[in-house]
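To start, the structure under review is shown below, and the notes come after it.
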Number of protein chains: 4
Amino acid sequence: MAARVGVLGATGAVGQRLIQLLEPHPEFEIAALTASESSAGKSYRQAAKWRVDSPIPDDVAEMTVTETDPDAVPDDVDLLFSSLPSSVGEKVEPGFCEAGYVVSSNSSNGRMDDDIPLVIPEVNAEHIDLLEVQRDERGWDGAMVKNPNCSTITFVPTLAALEEYGLEKVHVATLQAVSGAGYDGVSSMEIIDNAIPYIGSEEDKLETESRKLLGSFDGAELSHNSVEVAASCNRIPTIDGHLENVWVETEEDLTPDEAAEAMESYPSIDLPSSPDQLIHVFDDPDRPQPRMDRTLGDGMAIAAGGLRESTFDLQYNCLAHNTIRGAAGASVLNGELLLEQGYI
Amino acid sequence: MAARVGVLGATGAVGQRLIQLLEPHPEFEIAALTASESSAGKSYRQAAKWRVDSPIPDDVAEMTVTETDPDAVPDDVDLLFSSLPSSVGEKVEPGFCEAGYVVSSNSSNGRMDDDIPLVIPEVNAEHIDLLEVQRDERGWDGAMVKNPNCSTITFVPTLAALEEYGLEKVHVATLQAVSGAGYDGVSSMEIIDNAIPYIGSEEDKLETESRKLLGSFDGAELSHNSVEVAASCNRIPTIDGHLENVWVETEEDLTPDEAAEAMESYPSIDLPSSPDQLIHVFDDPDRPQPRMDRTLGDGMAIAAGGLRESTFDLQYNCLAHNTIRGAAGASVLNGELLLEQGYI
Amino acid sequence: MAARVGVLGATGAVGQRLIQLLEPHPEFEIAALTASESSAGKSYRQAAKWRVDSPIPDDVAEMTVTETDPDAVPDDVDLLFSSLPSSVGEKVEPGFCEAGYVVSSNSSNGRMDDDIPLVIPEVNAEHIDLLEVQRDERGWDGAMVKNPNCSTITFVPTLAALEEYGLEKVHVATLQAVSGAGYDGVSSMEIIDNAIPYIGSEEDKLETESRKLLGSFDGAELSHNSVEVAASCNRIPTIDGHLENVWVETEEDLTPDEAAEAMESYPSIDLPSSPDQLIHVFDDPDRPQPRMDRTLGDGMAIAAGGLRESTFDLQYNCLAHNTIRGAAGASVLNGELLLEQGYI
Amino acid sequence: MAARVGVLGATGAVGQRLIQLLEPHPEFEIAALTASESSAGKSYRQAAKWRVDSPIPDDVAEMTVTETDPDAVPDDVDLLFSSLPSSVGEKVEPGFCEAGYVVSSNSSNGRMDDDIPLVIPEVNAEHIDLLEVQRDERGWDGAMVKNPNCSTITFVPTLAALEEYGLEKVHVATLQAVSGAGYDGVSSMEIIDNAIPYIGSEEDKLETESRKLLGSFDGAELSHNSVEVAASCNRIPTIDGHLENVWVETEEDLTPDEAAEAMESYPSIDLPSSPDQLIHVFDDPDRPQPRMDRTLGDGMAIAAGGLRESTFDLQYNCLAHNTIRGAAGASVLNGELLLEQGYI
């Protein structure tokens, strides 16, 4: 029987992607949709300006949107996916956890808290057991798991694949799609025939979340990885798909061929939304490209390419679909992990 | 009296920019236009598909295009600007030098040759005297000076400004405009809603030309700078303006404020096409941006911004107009230097 | 058992779409791929720069490409799909028909010939029997059917739906995607931040092909429809999907609601590639939009919207995927019709 | 001595263009800047996110922004340029006129009022004297003149040039730039790789404003022209420049050559912002194009091209810079007319 799930912040860009992914999902059944006060009481069709490129599912369209409040969500909902703006998430997510809901959240608030697991299942599924610590410390009946930022998710799996060589220093420059900022996040006048070399707080997320994700959990405490990351973030005129240029310095020598082999053979995980092969490495030096490769593995795979010796370290490019692998799909995958691990 | 000049490869993207810059130039008078065999004998209006956003100058439009051959260019032409494809430049440029013409070339062939000066006048004007060595060695009556690649020109002035701190390692990721590949270099199907993390030979140009430009010339021999540069190049959907993310490691400590001060005060040179201030540093962290800032200083200035401490070095962004400062304007400026230094 | 089919001009934009559609097709099996002389002898993977956004099918990738010559195509191939440039199609297509092959062609040559059926199966399937006349007149063992131009296919089904009201005058302005010109047809410098109000010969195609498609066939001769069409064609910076603004004057009064009803209820045809519903009419006045609606019905449906009373006639917008419904899918659908009608 | 002028709504897209045009203007001196309550009291530099591609003028940057209220504007200001949202303009513009200010407004409110002159100086300068009627009727010390909508301004001058042939019916399809909707009017996710066939109320503006502009004024009353116009409006991914496809039916026969001659020879007006030649007709059928031709005549000229016989009428394309000729420049030009005609 499918778990009953809800979506907090269901009308936004990530909320719409969540609905697109959850509606046909074998393990989940959409049972609640919340949004801001002005949408409460409306049908989802009325409340959301649907902009995903597949039609709005009929049954979801007729559901009534409620306020984002624990009292407005039915008690028999098992799991909530949250794509709230972080300023809202900060205020309301803890209340849901106190009220007993398990929350898989894409919002950035709390991601770096010591007792909140930040998880990419293929990379650090074992961090999920930090929830025991969380429940002890916070006294929650519910629980909270976070997925990282879309630009972090893009490059961390490739680093994880190289970890055995001893990660030391990473430089990463990002070319990020406009959908990462939400439907109204980037105006057309800002970005047509242009690029913006700044995304607020984004560089810090790549630099800190990556260390937490690659850290180790001993059952009681989480140690962050010692890798040092320097990020430079750019917005460019693409719809979906974050492309990243990466340089890695490792303790042990690492050739491009060894790196390609490590990435290609890096294991996926046996969960419905995880692709058969997590990282695809292209031989053609001009790939991956956002429009061509963002839908690999139904948007859940990581594409890599251009592996080459740099002047002083290893250099490559990687790409992921920022609103699927980097946001909605990441939350859904964490929901699947929570279900498999018995947390719901 | 104005020097009589010619343009080799006058119908291409850089050729058209050259004409746009040379036509109103106080020191130069366009006296010869060459192109491929199929254009020879036609009026320039017929031969060129004019695509610059100012009207084609009337007098130039009526000039007759000749073949790119020393015999086809009038003897009283003093200086030739070359924007030939490098495969053509390689074959025909030396012949013009032998025949006594002084050539200011934007073509990539020969840029790294020991006796060919590669010059950005504000950075290494003194390298021009390598022409004495060149004439000795090659027995040319004419001479050949090169300007660097458009993506090299964008970041080298900022490095020059920081040189006193001891440049050690540089990482640079580029976001390059489509005009850099010529009018038909990038098809619309390749780049709309996309980015391409590969530009053939481009990374090597940034890595090697920068060392030559920042090298020292003792009157006899040129020593390259010891800075190590690792570049990663991307094509994005912008028309003009290359944006670059730079990380610099220096021997001496260097704060963002010191770097900004060094860039802002880096001297320009007293030549007609050189801007009053070479490097503009923006305080606003989301600048420079290609569409907003590429025409600074009539397209001849360098824009910098986002100076900040990285995890382990200094980090900033810079931008230049790739077909003006990075190509046609660079050649014209070298022509002005040749004139001022008495080489023509 | 599947019919064995070949693709003439397999490496181009439409050729790649043909392969994408034919590879999983229930009735067709790809048995031959042809291209220009320079590709002959290479594997398809080597010969084609694959740019469709699904991976190249493995078995097709390993097939050997032959020259576009009847002698180079196996005799047991039943049906050829042609996406040759019209200048090439003109020269070589008749030879294939003489040699006994049935050809479903997307190339524009010959479309307006009296004895060549120009067919959109949902609109004028009965024109296929013009092939009897064709074989009589030309003495071909094979046969040739054409699909119309991509911009013609977009609006003709909506006119067909309104035909009972008596079509008199049609004005149509098109906003066409760059893929309609092939991979290298529109350079990025021509179209970024721009639009081009001219596509060579395109207006004539809309104006004449529409009359032939809406004409009647009495078993011996084809009469063109008397509707008068005036077209104005524009290229805009979209990848796929032609959008058209249409004004229609009809003999009988026609309200927007009646027009919507006529379009929605216009019948599809029972062939594998034809969508269940041919024309979808949107209520939301800002639809259809290329990126949102081009994949309706797997790219084979027509989207319409904005039905409203104009100052003096009926006004609406329509959209179709130009390389699927408007080209490769149109040819495949004609192939299905040929099979169903016993021509192969 | 320069007239002292103010800008109502100075921080928006058109407000910034107004400042860019007024700052170097020979007849006007900027003496007041107003914006919404949240900006009042700030320096203009702080209040406006400057996004025009020339630097913000230093002296304007330091001016203090006031509320948009007659009491907040100095009495010695002679003329106000208004680029307020129409919902705001409706409420506050009349108050300024009552308080004695002469207002040249780009806002759409009141444009179709019987006693408000809607003026393009080169087309219907004589309508300005409707201000006498206005003052009589409204008892204003001040006065209000409007310029038409950006998409109206683009095609009306070409119609005016053809008026002697007897205008009957006009079809016009527009391809409009995103700047027409203001800085945040069109999100990047709406328009990249897309087009939107709907702009609220826009079609009505083209259809009605054109008749008023082409109407005649007998000194007491304004009669609208009898031409019937049907418009279809589209938003496309261009920054600046509205391109329009026009079909015209005239009483008298009209060849493309006659139309071209009529447009080329249509007189300009002797005011500082009016170009020497109002309408430029291109021979090349693929012009005008937005990025190539929008800056003709410093953005104040109209570009036309593609004049050809349609199936049943005359057909052509035209283009104007929507935020200069179509908005800020239009208001400035009306201000110049007011000054020349002694209304200020």
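Pairwise alpha-carbon distances in segment C:1-109 exceed 20 Å for 31% of all pairs.
I need the chymotrypsin sites (Phe, Trp or Tyr not before Pro) found in segment D:312-344, filtered to DSSP loop residues with at most 16 other beta carbons within 10 Å of theirs. Display every interim value, and only then the final one.
Values: sites: D:Phe312, D:Tyr316, D:Tyr343; in loops: D:Phe312, D:Tyr343.
Within segment D:312-344, the qualifying chymotrypsin sites (Phe, Trp or Tyr not before Pro) (loop, at most 16 other Cβ atoms within 10 Å) are D:Phe312.
Is the shape of segment D:150-321 best called rounded, prolate or oblate, per the rule: a/c under 1.5 gives rounded, else a/b larger than b/c gives prolate, else oblate, with a ≥ b ≥ c the square roots of the Cα gyration tensor eigenvalues? Cα axes put segment D:150-321 in the rounded bin. Each Lys and Arg adds +1 at its Cβ and each Asp and Glu adds -1 at its Cβ; summed about the Cα centre, segment A:1-147 shows a dipole of about 760 debye.
Counting Cβ atoms of other protein chains within 10 Å of each Cβ in B:281-292 and taking the mean gives 5. Among the GluC sites (Glu not before Pro) in segment D:124-164, none sits in a DSSP loop with a Cβ that has at most 15 other Cβ atoms within 10 Å. For segment A:1-57, just say rounded, prolate or oblate: build the C-alpha gyration tensor, square-root its eigenvalues into a ≥ b ≥ c, call rounded for a/c under 1.5, and beyond that prolate if a/b exceeds b/c, oblate if not. Oblate is the answer for segment A:1-57, as a/c is 1.5 or above yet b/c matches or exceeds a/b. Projecting the Cα atoms of C:Val77, C:Tyr198, C:Gly166 onto the dipole axis of chain C, where Lys and Arg carry +1 and Asp and Glu carry -1 at the beta carbon, places C:Tyr198 farthest toward the positive end. When chain D is turned onto chain A, the axis of that turn runs closest to one Cβ of chain D, and that residue with its distance in whole Å is D:Ser188, 2.
Going Cα to Cα from D:Lys212, which lysines come in below 29 Å? Please leave out same-chain ones fewer than 8 positions away. Reachable lysines: C:Lys169, D:Lys91, D:Lys146, D:Lys169.
Taking amide H as placed 1.01 Å from N in the peptide plane, B:Asp113 has no amide H partner under 5 Å among residues 5 or more places away or on another chain. Inter-copy label distances at B:Gly342, shortest first and taken from points set 7 Å along Cα to Cβ: 6.8, 9.1, 9.6 nm.
With charges only on Cβ, +1 for K and R and -1 for D and E, what is the dipole size of the protein assembly as shown about its Cα centre, in debye, rounded to 20? If you can, show how the numbers build up before the last one.
Working: 84 positive and 248 negative charges, 1 e Å.
Around 0 debye, computed over the protein assembly as shown.
Database remark: amide H of B:Val281 closer than 5 angstrom to the amide H of B:Ala304 (H placed geometrically; neighbours at sequence offset of 5 or more, or on other chains; Pro and chain starts carry no H). The charge dipole of segment C:61-203, taken about its Cα centre with unit charges on the Cβ of Lys, Arg, Asp and Glu (plus for the first two, minus for the last two), comes to roughly 520 debye.
Which order results if D:Thr255, A:Thr64 are arranged by neighbouring Cβ count within 10 Å, fewest first?
Details: D:Thr255 11, A:Thr64 14.
Going from least to most buried by this count: D:Thr255, A:Thr64.
Taking other C-beta atoms within 10 Å as the exposure proxy, C:Ile279, D:Ile239 rank D:Ile239, C:Ile279 from fewest upward.
Shape verdict for the protein assembly as shown, please, from the Cα gyration tensor: rounded (a/c under 1.5), prolate (a/b greater than b/c) or oblate. Each step should come with its number before you reach the end.
Working: a/c = 1.13, a/b = 1.03, b/c = 1.11.
It comes out rounded by the Cα gyration axes.
When the GluC sites (Glu not before Pro) in segment A:215-298 are filtered for DSSP coil states and for at most 12 other beta-carbon atoms within 10 Å of their beta-carbon, the remaining sites are A:Glu221, A:Glu251, A:Glu252. For the segment D:307-316, counting C-beta atoms of other chains within 10 Å of every residue's C-beta and taking the mean gives 4. Entry note, chain C: the mean residue ellipticity at 222 nm calculated from DSSP H runs of n ≥ 4, each adding -39500 (n - 2.57), is -7500 deg cm²/dmol after division by the residues and rounding to the nearest 500. Projecting the Cα atoms of C:Asn225, C:Leu243, C:Pro256 onto the charge dipole of segment C:220-260, computed from C-beta unit charges around the Cα centre, puts C:Leu243 farthest toward the positive end. Under 5 Å between amide hydrogens, built in the peptide plane, is the criterion, and for C:Ile199 it picks out C:Cys233 among residues at least 5 positions away or on other chains. In segment A:150-322, a dipole from Cβ-located charges (positive for Lys and Arg, negative for Asp and Glu) runs towards its positive end, and of A:Ser268, A:Asn234, A:Gly185 it is A:Gly185 whose Cα lies farthest in that direction.
Bear in mind these aren't lab numbers, they're just calculated from the coordinates by the rules spelled out. Bear in mind that the values here come from a model prediction, so they are computed numbers and not experimental data. Neighbour counts run over all protein chains shown; Cβ positions are idealised from the backbone, glycine included.
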